[in-house]
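Written below as structure tokens is the structure these notes are about.
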Amino acid sequence: MNDERLALCCALVDELVSPLTRPAHRLRIQGGTIYTADTNRTIIPNGELLALGGAIVWVGSPDDPNRPPILDDTLIDATGSVVMPGLVDTHYHEVSAFRFSHLAGGPLGQSPYANRGFEHGGDLERLSVLLGDRTAATHQLSAEHMAVSTVFGVWQLLQRGVTGLGDFGSAVDGRLLAYTVARMGIRARLSAWCSDLIVEGQTARPRVDAQELLARSRRTAEWVTALDNERLSFMPSAIMLTSSSDELLVGLRSIAKEFATRGDHAPMAVHLAAIPTENDMSLAIHGLGIIERAAQLGLLDAPLIAAHCAYVSEADQAMLKRSATHVTVSPAKYGTSGENVMMQHRLLSMIDDGIPLSFSCDGEIFPNGGPLEAARQGWFHLTQLANSASVLTAHDALCNVTAVPSVGLGWGDQVGTLEAGKRCDVVIAKLADWRGVAVGRPLDSLLVLGGSGDIHTVIADGRILVEDKQPTLVNPSLVTHRFSLANSAALA
């Protein structure tokens, strides 16, 4: 995307998104059951949270004698609700711009994932083409389509309670996504879609010059830095290791270190060992298995967020453990796509090994759940794998979409738990009908019977971004109308 088109897209975003307000000076949330997601898994029935200028200053019982004497400018009555930290989606792709292609898809009775290269162990040749460069396909779409679809996608994130985002590479230009999330108040690490090889048989050929993709990543990093927003930072991403050259991967690692913004925490995102055929293909093409190659290229020497990691050996897992690689899986998606990643995964063994594990959503143009759905699916799956209902509690599952991913993205000292000193990122949800009657375990009931649609309040940095289930910065009717028009135009 050239600078002129980017400027036009950003101007259109400004038309759709109201200016961010200052954080509530004094904010009080009272009456709900607070799940802090801290290391002690503290739960406070009928709890109270106080915040000043966007920072939490007190979480506890309103009757506690240590409670600071703070009056409230803004009071939120959370009676009967679950109060939890802002939800963090570690693995996301903004692809709302391609929604029109779903509308023009196959028969309604056919899986939307049919014949896309994921079946029967995965067709890496097809996947290297399909996942090669999503951004190239958006060049033919109008600036209106790009801007509206990006606002629509970020709005949907907010409705699902997402206040922190790890972008693994999106169909839209990473600079446009960065501008939009900044305008809408979300904390994010932004990326650029990168993969430079096409797999053919047991060989691979260049699809694009690696230096071109590195230049794109650098432009995105420079743009994110120039926005001068403390909630935003850059995180390079390689879509698939096997369809990425050594030159590209080493270059991305270098850019990550150059643009590190929080001490020496410079994470890089990769899709790693996602399909059973990939390791053998990596051996044939690059002479090394997936994890061994990642280690040789230095990708395991610094913070790495690895999506999937399903098909790894014990030796591979030992390398992931030594490097403290953050593994993220996306159970909210796997059930609908038919992938067998979760069933093949060494999840329980990884947890026993102390490998950080988060649940994420893996954005898709097809129907997909949010972090609460990911927490539910992951909670159910792990207890089933372990044949034990106590291996993971509902609070543990919540931590996998709050505290754990926040640490992986380098934000652990700022968000992810509800504790004094952290930023005020809070999500409040309520089962407002028969599902919430005489409930003794509110979070368990929310995960079993509810989900994203029950979130009624979203607060990020002390700013109320969703109130009574309505966004405060965008007009839902206007965004929906213009998004529908853009899709109709693309279909035509």
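The values are calculated or read from the model by the stated rules, or taken from the named source; none is laboratory data. Predicted, not measured: the structure shown is a model, and the values here were computed from it. When we count neighbours, we look across all protein chains shown, and the Cβ atoms used for this are built from the backbone with ideal geometry, even at glycine.
Residues Asp38, Asp89, Asp63: which one is assigned to a loop (DSSP other than H, G, I, E, B) and modelled with pLDDT of 95 or more? Spell out the reasoning first.
Details: Asp89 fails: assigned to a loop (DSSP other than H, G, I, E, B); Asp63 fails: modelled with pLDDT of 95 or more.
Just one listed residue meets the conditions, Asp38.
Given the structure, is His271 at positive phi, buried (at least 24 other Cβ atoms within 10 Å of the Cβ) and in contact with a Ser or Thr (Cβ under 9 Å, 6 or more places away or on another chain)? Give the derivation first.
Working: at positive phi: no; buried (at least 24 other Cβ atoms within 10 Å of the Cβ): yes; in contact with a Ser or Thr (Cβ under 9 Å, 6 or more places away or on another chain): yes.
Here the answer is no, as His271 does not meet what is asked.
Count, please, the residues in segment 157-178 that happen to be touching a Ser or Thr at 6+ places or on another chain (Cβ under 8 Å), within 15 Å of Leu465 (Cα to Cα) and either in a strand (DSSP E or B) or modelled with pLDDT under 95 (or both).
Taking segment 157-178 first, the residues touching a Ser or Thr at 6+ places or on another chain (Cβ under 8 Å) are 159-161, 164, 166-178.
If we keep only those that are within 15 Å of Leu465 (Cα to Cα) as well, we get 159-161, 164.
Subsequent filtering for residues that are either in a strand (DSSP E or B) or modelled with pLDDT under 95 (or both) retains 164.
Residues meeting the conditions: 1.
Report whether or not Leu252 is of a type outside the set (D, E, K, R), touching a residue at least 40 places away in the same chain (Cβ under 8 Å), crowded, with 24+ Cβ neighbours inside 10 Å and part of a strand (DSSP E or B). Break it down into steps so the answer makes sense when it comes.
Details: of a type outside the set (D, E, K, R): yes; touching a residue at least 40 places away in the same chain (Cβ under 8 Å): yes; crowded, with 24+ Cβ neighbours inside 10 Å: yes; part of a strand (DSSP E or B): no.
In short, no.
For segment 217-249, give me the residue count where each residue is closer than 16 Å to Thr180 by Cα and touching a residue at least 60 places away in the same chain (Cβ under 8 Å).
Number satisfying all stated conditions: 2.
Among (1) at pLDDT 95 or above; (2) under 30 Å from Arg423 (Cα atoms), where does Gly251 come up short?
(2)
Kindly provide the set of residues from segment 451-483 that are small (Gly, Ala, Ser), assigned to a helix (DSSP H, G or I) and surrounded by 14 or more Cβ atoms within 10 Å (Cβ to Cβ), ordered by number. Quick ask: steps written out before the conclusion?
To start, the set of residues in segment 451-483 that are small (Gly, Ala, Ser) comprises 451-453, 460, 462, 477.
So of that shortlist, the ones also assigned to a helix (DSSP H, G or I) come out as 452-453, 477.
Answer for segment 451-483, where residues must be small (Gly, Ala, Ser), assigned to a helix (DSSP H, G or I) and surrounded by 14 or more Cβ atoms within 10 Å (Cβ to Cβ): just Ser452.
Which residue pairs have Cβ atoms under 7 Å apart, sit 6 or more places apart or on different chains, and have a first residue in segment 285-313 that is within 14 Å of Leu272 (Cα to Cα) and free of Cβ contacts under 8 Å to residues at least 12 places away in the same chain and a second that is surrounded by fewer than 18 Cβ atoms within 10 Å (Cβ to Cβ) and not small (Gly, Ala, Ser)?
Here the result reads Leu288/Gln296, each pair linking segment 285-313 to a residue that is surrounded by fewer than 18 Cβ atoms within 10 Å (Cβ to Cβ) and not small (Gly, Ala, Ser).
Going by the structure shown, is Arg189 of a type in the set (Lys, Arg) and crowded, with 24+ Cβ neighbours inside 10 Å?
Answer is yes for this residue.
Pick from Gly378, Gly369, Gly410: which is in a loop (DSSP other than H, G, I, E, B), under 16 Å from the mean Cα position of the chain (by Cα), at pLDDT below 90 and surrounded by 19 or more Cβ atoms within 10 Å (Cβ to Cβ)? Steps first, please.
Numbers: Gly378 fails: in a loop (DSSP other than H, G, I, E, B); Gly410 fails: at pLDDT below 90.
Only one candidate qualifies: Gly369.
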